[in-house]
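Notes follow the structure.
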Amino acid sequence: MKRFSFPIPVRLALVLALASMLGASAASAQDAQDTVSSYWSDRWRGWHFYEDPVPEERERPPLPGKVVPAAPSAPPSKAPELVEFERLQKTLEDTRNIAIMRPTEANVRRYMELESRVVARASYFADVAQRVAWATPALDPTLQGRPVNAKALEVFEQTEWVDRSRSIAELGKDHVLFFFYRSDCPYCHAFAPTLATFQARHGIQVVAISVDGGPMPGFPNARPDNGIATTLKVTQVPAVFLAQPFTGKITPIGFGVLSESQLLERIAVVSGPQAEAMLPGTMQRLALPQEAP
């Protein structure tokens, strides 16, 4: 038999190809063995078992009509003044806490110096705010409501007195003041002249009602109590109520000795348009005697 002789490079290439083929065959054999082993270990799956492929993760489209929330936007950046204020506030707090926990001279001095700078800045703000208020009447608190200047306060109170007196005179057309007293009560005797003057000056009638049946100077037509004091739960005298006889609405004004200005103010408040909304439980409606004016 005749032998064929290949050159060395060709022989080397053939050896490498043969080795590769043997490796692939061995891998195939191993895979087949693994498959057979897997079959016998998983024979509960059955002869015709088929596993569905794992679905790929896909982004689900939004349902019709469903609003997809937008991605949160980045928070707006703070103004540099706010950042500086927060830093100053934190520094002041930390410096104070350090001085409290370790009150050495250096720590306390550092806190006091920082606090002094903060107070100076706040004082400067107050000065600027005051100048703005002086130049803007709508922002000046001294021009809103009750004035603080003595002369302006005198004018304000006089104007308010006239307005309230006029409104009470109008109120007196269908309202009266019930004055509950006791003939042995010194406070009732001290309060009676104020009520008599109030009646004459502001045009609203005062109906004096004696709880004990005794008289009261200045009110010769005082009436004895017919049970209304018990109905209104009058346990302390002197007591004043604003009453509208034809509707039976009765509102307490106050107990004890009151001044004329206090009577003006309280009657103006309880007879205002918002009185029932403020204190709806303080008003009562009673069937008053027809002889009461």
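The values are calculated or read from the model by the stated rules, or taken from the named source; none is laboratory data. Remember, it's a predicted structure, so these values are computed and weren't measured experimentally. Because the Cβ atoms are built from the backbone with ideal geometry, glycine has one as well, and the counts that use them run over all protein chains shown.
Take N221 and decide whether it is in the same structural domain as P186 (by TED's automatic domain parsing), in contact (Cβ under 8 Å) with a residue 60 or more places away in the chain and in a loop (DSSP other than H, G, I, E, B). Let's see the steps before the verdict.
Working: in the same structural domain as P186 (by TED's automatic domain parsing): yes; in contact (Cβ under 8 Å) with a residue 60 or more places away in the chain: no; in a loop (DSSP other than H, G, I, E, B): yes.
Criteria not met by N221.
What do you reckon, is L171 closer than 30 Å to Q199 by Cα and either in contact (Cβ under 8 Å) with a residue 24 or more places away in the chain or among the hydroxyl-bearing types (S, T, Y) (or both)? Yes, satisfied. Across segment 179-212, the qualifying residues are those that are farther than 23 Å from K233 by Cβ and among the aliphatic types (A, V, I, L, M), and the one among them that is nearest to the chain's Cα centre (by Cα) is I204. Considering segment 153-179, and only residues there that are of a type in the set (A, V, I, L, M, F, W, C), at pLDDT 85 or above and assigned to a helix (DSSP H, G or I), the residue that is farthest from A222 (Cα to Cα) turns out to be V155.
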